[in-house]
1. Would you mind finding the one in Met144, Met88 that is farther than 22 Å from Arg12 by Cβ and either under 15 Å from the mean Cα position of the chain (by Cα) or at pLDDT below 95 (or both)?
2. Residue pairs, Cβ under 7 Å, 6 or more apart or interchain, first in segment 20-33 and among the hydroxyl-bearing types (Ser, Thr, Tyr), second buried (at least 16 other Cβ atoms within 10 Å of the Cβ). List them.
3. From the list Thr61, Thr22, pick out the single residue that is part of a helix (DSSP H, G or I), at pLDDT 95 or above and in contact with a helix residue (DSSP H, G or I) (Cβ under 6 Å, 6 or more places away or on another chain).
4. Scan segment 80-97 and tell me whether some residue there is surrounded by fewer than 13 Cβ atoms within 10 Å (Cβ to Cβ), touching a Ser or Thr at 6+ places or on another chain (Cβ under 8 Å) and in a helix (DSSP H, G or I).
5. How about segment 98-121: which of its residues are at pLDDT below 95 and outside any loop (DSSP other than H, G, I, E, B)?
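The values are calculated or read from the model by the stated rules, or taken from the named source; none is laboratory data. This is a predicted model, so every value here is computed, not measured. Neighbour counts are summed over all protein chains in view; Cβ atoms, including those assigned to glycine, are modelled from backbone coordinates with ideal geometry.
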Amino acid sequence: MGAILKYKRVSREIDHVINYATFIAMVGMIIAITMQIVFRVFFVALSWSEEVARYLLVWSTFLGASMAYKRGMHIAVTFIVESFPAVMTKTLQVFSHLLAALFFIIVITYGLRYMNMQSTQVSASLRLPMKYVYSIIPFSAAIMAFHALDKVLEVLFPSAVEEVKKESAE
């Protein structure tokens, strides 16, 4: 049970860090867009602000997706699963989270391949290597895979969930 609790704590801490990173990305995007508007109207348009805003939007979207997965906020059709007996519901939940983890592992694999394909390309105005921009794909998929296994542990060991919730409240 100790390893399960530790895994759940790490998952919670990762989510906490991602929450802050997403907030910072959103604030950075707002600042870049505001600067673009102000400079376009009153001065000379900034060449880099649109690119920064675009990349921050992509990053905040992928990070936000991992936060939504952790919190179970993605769209789901649950009325069929909930109509089954409790044991079957539990089995289907474990299966769906393991299937999601498999999908995330595939996304990690192809995301890394895509990053490597783009390793020589640089962005137009910032001259930023595009592999850094595309690195969010395998990174967020890895976080979601980690959270998927956390979800499996939640279904199999509900007492661990309560233990971690008590710790959070304190």
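1. Working: Met144 fails: farther than 22 Å from Arg12 by Cβ.
Of Met144, Met88, the one residue that is farther than 22 Å from Arg12 by Cβ and either under 15 Å from the mean Cα position of the chain (by Cα) or at pLDDT below 95 (or both) is Met88.
2. Qualifying pairs under 7 Å: Thr22/Ser60; Thr22/Leu63; Thr22/Gly64; Thr22/Met67.
3. Values: Thr61 fails: in contact with a helix residue (DSSP H, G or I) (Cβ under 6 Å, 6 or more places away or on another chain).
Step by step, each of Thr61, Thr22 is checked, and only Thr22 is part of a helix (DSSP H, G or I), at pLDDT 95 or above and in contact with a helix residue (DSSP H, G or I) (Cβ under 6 Å, 6 or more places away or on another chain).
4. Within segment 80-97, one or more residues are surrounded by fewer than 13 Cβ atoms within 10 Å (Cβ to Cβ), touching a Ser or Thr at 6+ places or on another chain (Cβ under 8 Å) and in a helix (DSSP H, G or I).
5. Tyr114, Met115, Asn116, Met117
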